[in-house]
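> One structure, as structure tokens, below. Some questions next.
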Amino acid sequence: DQQVKQNSPSLSVQEGRISILNCDYTNSMFDYFLWYKKYPAEGPTFLISISSIKDKNEDGRFTVFLNKSAKHLSLHIVPSQPGDSAVYFCAASVRIQGAQKLVFGQGTRLTINP
Amino acid sequence: DSGVTQTPKHLITATGQRVTLRCSPRSGDLSVYWYQQSLDQGLQFLIQYYNGEERAKGNILERFSAQQFPDLHSELNLSSLELGDSALYFCASSVTGDYTGELFFGEGSRLTVL
């Protein structure tokens, strides 16, 4: 049961343009959403997060949008830079039986072309 | 550098064997999480410890076990290894046991079972 889905395994964007990464979820009990970025041979690093009570959170070039009615999350990167080329994981947290659990999507490989 | 240290970085072993993966969390972090990433899969949550106690359990097989020691380092034991256990195993740490903030990931231990 894949509760968090990233349907695009890969995305290619021109440098300077906007990158939009999408994520869908099925569990309406998720209360926090996060994006992680992963370079080859490194562990994932936290990028940005959003609480389920908000619909937008912005941090520099990165903005996360949450559409609860559609159970959809997106990450916008603008302008895209070559250093943004990485795998991006969407994650959602839910409290189950007193413990918080984090569920990750499969990841989307973003390539920024010069 | 996330501050989370995982050893070994690479491990090759045979089916039926047993291995131990080690994780040292960031200084001051009380919670340790173990994740498995198989080929083309997202990060699958295995287990979480908080200050020495098991906090949450995910899709961890009975052949796998983990513990967190008084100095807060953690070990993941994988036994009766099968070919399908080949994966990248990540350890992450956080100050608290909740997911409203970021997790700090190590670089991972790549296990190959032949």
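> Tell me, how many Å apart are the Cα centres for segment B:78-94 and for segment B:1-17?
8
> Trypsin sites (Lys or Arg not before Pro), restricted to segment A:1-76: which are DSSP loop and have at most 13 other Cβ atoms within 10 Å?
A:R17, A:K54
> For labels at A:T45 and A:M29 in the simple 7 Å Cα→Cβ model, what's the distance in nm?
Those two pseudo-labels are separated by 3.4 nm.
> While we're on this one: So if R0 is 35 Å, what FRET efficiency would B:R18 and A:I96 give, r being the distance between their Cβ atoms, rounded to the nearest 0.05?
In this case the efficiency is close to 0.70.
> If you don't mind, there's one more thing I want to ask. Could you please tell me the mean projected area of the C-alpha convex hull for chain A, averaged over all directions and given in square nanometres to one decimal?
The number I arrive at for chain A is 7.2 nm².
> Now a separate question. Once you list every other residue whose beta carbon is under 9 Å from the beta carbon of A:F89, what net charge do they have if Lys and Arg are +1 and Asp and Glu are -1?
Here the charged neighbours net out to +2.
> Only Lys, Arg, Asp and Glu count, each charged at its Cβ (+1, +1, -1, -1), so figure out the dipole size of chain B about its Cα centre, rounded to 20 debye. Kindly include the intermediate steps, with their values, before the conclusion.
Details: 8 positive and 13 negative charges, 50 e Å.
Charge dipole, chain B, about its Cα centre: 240 debye, nearest 20.
> Taking 8 Å as the Cα distance limit and 6 or more residues as the minimum spacing, I'd like the relative contact order of chain A as a percentage. Don't jump to the answer; show the numbers that get you there.
Details: 276 pairs, mean separation 41.5, N = 114.
Relative contact order for chain A comes out at 36 percent.
> Also: If you add up the charges near B:A14, with Lys and Arg at +1 and Asp and Glu at -1, over every other residue whose beta carbon is less than 13 angstrom from its beta carbon, what do you get? Walk me through the numbers on the way to the answer.
On the way: positive: B:R18; negative: B:E82, B:D85.
Neighbourhood net charge equals -1.
> If you take the alpha carbon radius of gyration of the protein assembly as shown and divide it by 2.2 N^0.38 Å, what ratio comes out, to two decimals?
1.01
> Test of the criteria: in segment B:1-75, which GluC sites (Glu not before Pro) are in a DSSP loop and have at most 15 other Cβ atoms within 10 angstrom of their Cβ?
Taking segment B:1-75 and a limit of 15 other Cβ atoms within 10 Å, the loop GluC sites (Glu not before Pro) found are B:E62.
> Excluding B:R110 itself, what net charge comes from residues whose Cβ is under 13 Å from its Cβ, given Lys and Arg +1 and Asp and Glu -1?
-2
> Through the Karplus equation 6.51 cos²θ - 1.76 cosθ + 1.60, θ set to phi - 60°, convert the phi angles of segment A:99-114 into ³J(HN,Hα) values in whole Hz; use x for Gly and Pro.
Result, rounded to whole Hz: 10, 7, 10, 10, 10, 9, x, 7, x, 10, 8, 9, 10, 9, 8, x.
> Of all trypsin sites (Lys or Arg not before Pro) in segment B:1-106, which ones are in loop regions per DSSP and have a Cβ with at most 15 other Cβ atoms within 10 Å?
Those satisfying the criteria are B:K9, B:R18, B:R63.
> To continue, here is another question. I'd like to know which of A:F46, A:V103, A:L75 lies farthest towards the positive end of the charge dipole of chain A, counting +1 on Cβ of Lys and Arg and -1 on Cβ of Asp and Glu.
A:V103
Coordinate-derived values only; no laboratory data. Keep in mind the model is a prediction, meaning the values are calculated, not measured. So basically every Cβ, Gly included, is an ideal-geometry build from the backbone, and we count neighbours across all protein chains shown.
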